[in-house]
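Participant: Attaching a single structure in C-alpha cells format; questions to follow.
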Amino acid sequence: MHMMKSIKLLVLIILTCTSAEVVAQATEKVEMADVLRQEGKIYTVVVGLVIILTALIILLIRVDKRISRLESQEKMKL
Amino acid sequence: MSEKYIMRKYSLSWWKILTVILLYYTVIAGFLIPVPRLHILNESIRLNYFHVRMWFTMMLLFINSAWSSIQYLRTQNIAFDDKANESVKVAFFFGALGLITGMFWANATWGAFWTSDPKLNNTAIGLLIYSAYFVLRSSLEDETQRGRLSAVYNIVSFAVFIPLIFILPRMTDSLHPGSGNNPTFRLFDTSHEMKLVIYAAIAGWMLLGWWIYTLFLRLRLLKNAHDEIN
C-alpha cells in the first residue's frame with residue numbers, strides 16, 4: 001500500500017514536470033528544452049540514466065519488500 | 001489475503017536510503033561536475049566513477065566470501081556456506097560488469113577491446129577460476145561435502161586472485177594504474193573535482209552490491225526454510 005502511494009506520487013511528479021514543459025513550449029519560453037540541448041547534450045544522458053536508476057531502485061525496493069513479507073510469513077509458520 | 005493486517009510495516013533501512021542517495025549523486029554529479037581536460041581520455045575519464053567501482057564492489061564481496069568460507073571451515077555452520085556462495089555470485093556479476101565496461105573504455109582509449117595488458121588477462125583468468133566454484137558446487141549433492149570442498153576451493157581462489165590482479169600486473173608494464181610509470185589511486189594524484197564524486201561512487205556502488213547480496217542471501221534462507229518444511 002505504502003509502495004503504491006509512492007509510485008502514484010512519482011507518476012504525479014513526472015506528469016506535472018512534463019506538463020509544465022509543454023506549457024513552457026506553448027508560450028515560447030523554451031528554457032527547459034534549451035538546457036537539455038546545451039553542453040553537447042550531456043543533460044539528455046543524465047536524464048536517461050536517472051530514469052534507468054529510478055526504475056532499478058524501484059525494482060530493488062519492491063523485491064526487498066516482497067522478501068520481507070515472505071520472511072514474516074515464514075516466522076508466523078514457526 | 002488477511003495477512004497484510006498482521007504484517008509489520010515495511011520500511012527501508014537507513015543504509016539503503018543512503019545507497020539510493022549516493023547512486024543518484026554519482027550519476028548526476030558524475031556527468032555534470034567538470035573533470036580534468038586530458039588528451040585521448042577526454043570525457044571517457046568519467047567511466048572511472050562506474051567501471052572502477054565495479055571492481056571495488058567485487059573485491060568487497062570476494063573478501064566477504066573468503067571470510068565466510070574460513071568461518072564455515074572453523075564452525076561447520078551451514079549459514080556461512082550460504083553467505084560465501086551468495087557473495088561469490090554477486091561478486092562475479094560485478095566482476096563481469098567491470099570487464100565489459102572496461103572493454104568499451106579500452107576500445108575508446110587504447111584502440112582495442114582487448115589488449116594483452118596483464119591486468120586484463122589476469123582478471124579474466126581470475127574470474128574463470130571463480131566460475132569453476134559454481135561448477136564445483138553444482139556437481140556435489142551432499143551438503144557437508146559441498147560446503148567443505150567449496151569453502152576450500154573458494155579460499156584457494158581468493159589466494160590466487162589477489163596476486164593475479166594486484167601483484168603480478170604491477171611487476172610488469174601494464175597500462176593500468178600502479179604499473180610501469182603510471183600513478184595509482186592515491187590521495188594527491190587524483191584531481192580534486194574527481195574526488196568529489198569518487199568517494200561517493202565507491203560507497204554507493206559497494207552498498208548497492210551489499211544490498212543485492214543481502215537480498216540473495218535472504219532468498220536463499222527462505223528457500224532453505226521452505227525445503228525443510230517440505
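Participant: How large is the Kirkwood hydrodynamic radius of chain B, in angstrom, based on all distinct alpha carbon pairs?
Facilitator: Numbers: mean 1/r = 0.0509 Å⁻¹.
With all distinct Cα pairs of chain B included, I get 19.6 Å.
Participant: Given R₀ = 25 Å, what would the calculated FRET efficiency be for A:R62 paired with B:W14, taking r from the Cβ atoms and rounding to 0.05? Could you put the intermediate results ahead of the total?
Facilitator: Details: r = 19 Å, r/R0 = 0.76.
Calculated transfer efficiency: 0.85.
Participant: Separate question: Give me the 1.4 Å probe accessible area per residue for region B:62-210, excluding ligands and nucleic acids, in Å². Let's see the in-between values first.
Facilitator: On the way: 7540 Å² over 149 residues.
Computed with neighbouring chains in place, this is 51 Å² per residue.
Participant: Still on this structure, I have one more. Probe radius 1.4 Å, ligands and nucleic acids left out: can you give me the accessible area buried at the B-A interface, summed over both chains, in Å² to the nearest hundred?
Facilitator: Values: alone 13700 and 7170 Å², together 18490 Å².
Chains B and A together bury approximately 2400 Å².
Participant: Suppose a student asked you for the relative contact order of chain B, using Cα pairs under 8 Å spaced at least 6 residues apart; what percent would you report?
Facilitator: With pairs under 8 Å counted, the relative contact order is 31 percent.
Participant: Now a separate question. With every protein chain left in place and a probe of 1.4 Å, what is the accessible surface of B:W67, to the nearest 10 Å²?
Facilitator: That residue has around 140 Å² of solvent-accessible surface.
Participant: Let me ask something else about it. Taking R0 as 35 Å, what's the FRET efficiency between B:F166 and B:L41 from their Cβ-Cβ distance, rounded to 0.05? Walk me through the intermediate numbers first.
Facilitator: Values: r = 23 Å, r/R0 = 0.67.
In this case the efficiency is close to 0.90.
Participant: Can you give the translational diffusion coefficient of region B:38-123 in µm²/s, computed by Stokes-Einstein from the Kirkwood radius over Cα pairs at 10 °C and 1.306 mPa s?
Facilitator: After rounding, the answer is 110 µm²/s.
Participant: Provide the packing ranking of A:49-55, B:208-214, B:139-145, i.e. peptides ordered by the mean count of other C-beta atoms within 10 Å per residue, highest first. Please list the in-between numbers first.
Facilitator: Values: A:49-55: 13.7, B:208-214: 21.1, B:139-145: 10.1.
Highest-to-lowest ranking by the protection proxy: B:208-214, A:49-55, B:139-145.
The values are calculated or read from the model by the stated rules, or taken from the named source; none is laboratory data. It should be emphasised that the depicted structure is a prediction, and the values quoted were computed from it without experimental measurement. Neighbour counts are summed over all protein chains in view; Cβ atoms, including those assigned to glycine, are modelled from backbone coordinates with ideal geometry. Heavy atoms of the whole protein, side chains included, go into the accessibility calculation; ligands, DNA and RNA do not. Shrake-Rupley method; radii C 1.70, N 1.55, O 1.52, S 1.80 Å.
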